[in-house]
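In what follows, a single structure is set out as structure tokens and then discussed.
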Amino acid sequence: MEKIPVTQWKLDKCYKVNDDIAHEQKLELSCDKYNLTTYMTPEEITEFITGHLASIGIISKAENIRDIVIRKENETIYAKVVVNNGKYTSPKIKMHRPSAKTIYSINRYVTNNTPLFLLTGAFHYAFIFASDGTQIKQGYDIGRFNAIDKACGKCIIEEIPLSDKILYTTGRISQRTVEKAIALNIPYIISKAPPFYESIVKAKDEGITIIGFSREKRFTIYTG
């Protein structure tokens, strides 16, 4: 982040303050015949690459990444990845359905552990929780999908199964969110934001539970 001088108006008063502003950098990712151009928070790049490649079925586990070369040039991040191909599969583990009390505790945890959002309003967060509400991993980024890839990438690198975990995202639940959950065998998606209709249909077809508007002591179950 950077601090820059800004002018703020509140009611009828004007203030000169230093504001915290988030960075974004362009990422050019090449992996065999797959190429990606995106903008991201320039941190945890390896974790992002691992989670992203797994969520689109290019790798089956972290060891499938044979080499990553990352360099920065003219405010752009270039990442060249060499992999052994394989579809990601998380070990099938029977998941215990989380209780309402557990979801309330997850909501409290998220509210109290998103400091960069509170500071700038510019960051999304993604969390991986166990079914009892224990926080496993997290990622943050200016992009909600990037945050998901970072959190999931950390689990894949540490060989933590995702098939009995909850994905909490601070962003809206779109088809792309559900597609990532399908690829990574994640059975629960929770967000403080709403889902789109198409994501509900896709999640229902795949047996994925979607919970939206999950805030404090309330939430809405859309599937599952």
(message) What FRET efficiency comes out for I68 versus H23 if R0 is 30 angstrom and r is the Cβ-Cβ distance? Round to the nearest 0.05.
(response) 0.90
(message) Pairs of alpha-carbon atoms within less than 8 angstrom and 6+ residues apart define the contacts here; what relative contact order does the chain have, in percent?
(response) 17 percent
(request) Would you mind telling me the antiparallel percentage of the DSSP bridges in the chain, rounded to 5? (result) 75 percent
(message) Output wanted: per-residue J couplings in Hz (rounded whole) for the range 208-220, from phi through Karplus 6.51 cos²θ - 1.76 cosθ + 1.60, θ = phi - 60°, x for Gly and Pro.
(response) 9, 8, 10, 10, x, 6, 8, 9, 6, 10, 8, 6, 10
(request) Only bridges with both residues in the range 172-224 count here: give the DSSP antiparallel percent, nearest 5. (result) 50 percent
(request) Quick one: what are the phi-derived ³J(HN,Hα) couplings along the range 139-146, Karplus 6.51/-1.76/1.60 with θ = phi - 60°, whole Hz, x for glycine and proline? (result) x, 9, 6, 5, x, 5, 6, 4
(request) Please order V201, V110, V69 by the number of other Cβ within 10 Å, starting at the fewest. (result) V69, V201, V110
(message) Sequence gap at least 6, Cα distance under 8 Å: using those rules, report the relative contact order of the range 87-142 to the nearest whole percent.
(response) 31 percent
(request) Using Cα positions and a limit of under 24 Å, work out the lysines in reach of K3, with same-chain residues fewer than 8 apart set aside. (result) K13, K16, K26, K72
(request) Could you list L184, L116 in order of exposure, starting from the residue whose Cβ has the fewest other Cβ atoms within 10 Å? (result) L116, L184
(message) Run the numbers for I160 and R176: contour at 0.36 nm per residue of separation, minus the present Cα-Cα distance, in nm.
(response) 3.5 nm
(request) Quick one: which residues, 5+ away or cross-chain, put their amide H under 5 Å from the amide H of I77? H built at 1.01 Å from N. (result) K26, L27, E28
(message) Relative contact order for the range 1-91: what percent, with Cα pairs under 8 Å and sequence separation of 6 or more?
(response) 25 percent
(message) Can you say what percent of the DSSP beta bridges in the range 100-223, counting only those with both residues inside, are antiparallel? Round to 5.
(response) 65 percent
(message) Just want the ordering: T177, T220, T41, from fewest to most Cβ atoms lying within 10 Å of their own Cβ.
(response) T220, T41, T177
(request) Return the FRET efficiency for the residue pair K101, M1: r is the Cβ-Cβ distance, R0 is 30 Å, and the value is rounded to the nearest 0.05. (result) 0.25
(request) Would you calculate the separation in nanometres between label points at K13 and Y197, each defined as 7 Å from the Cα along the Cα-to-beta-carbon direction? (result) 4.7 nm
(message) Given points 7 Å out from each Cα along the Cα-Cβ axis, report the L118 to Y78 separation in nanometres with one decimal.
(response) 4.1 nm
(request) Multiply the residue separation of K94 and R108 by 0.36 nm, subtract the distance between their alpha-carbon atoms, and state the gained length in nm to one decimal. (result) 2.5 nm
(message) Given the -39500 (n - 2.57) contribution per DSSP H run of 4+ residues, what per-residue ellipticity at 222 nm results for the chain, rounded to the nearest 500 deg cm²/dmol?
(response) -8500 deg cm²/dmol
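Read-outs throughout are calculated quantities, based only on the coordinates presented, and are distinct from any laboratory measurement. Keep in mind that this is a model prediction, so the values were computed, not measured. Cβ sites come from the backbone with ideal geometry, for glycine too, and all protein chains shown count toward neighbours.
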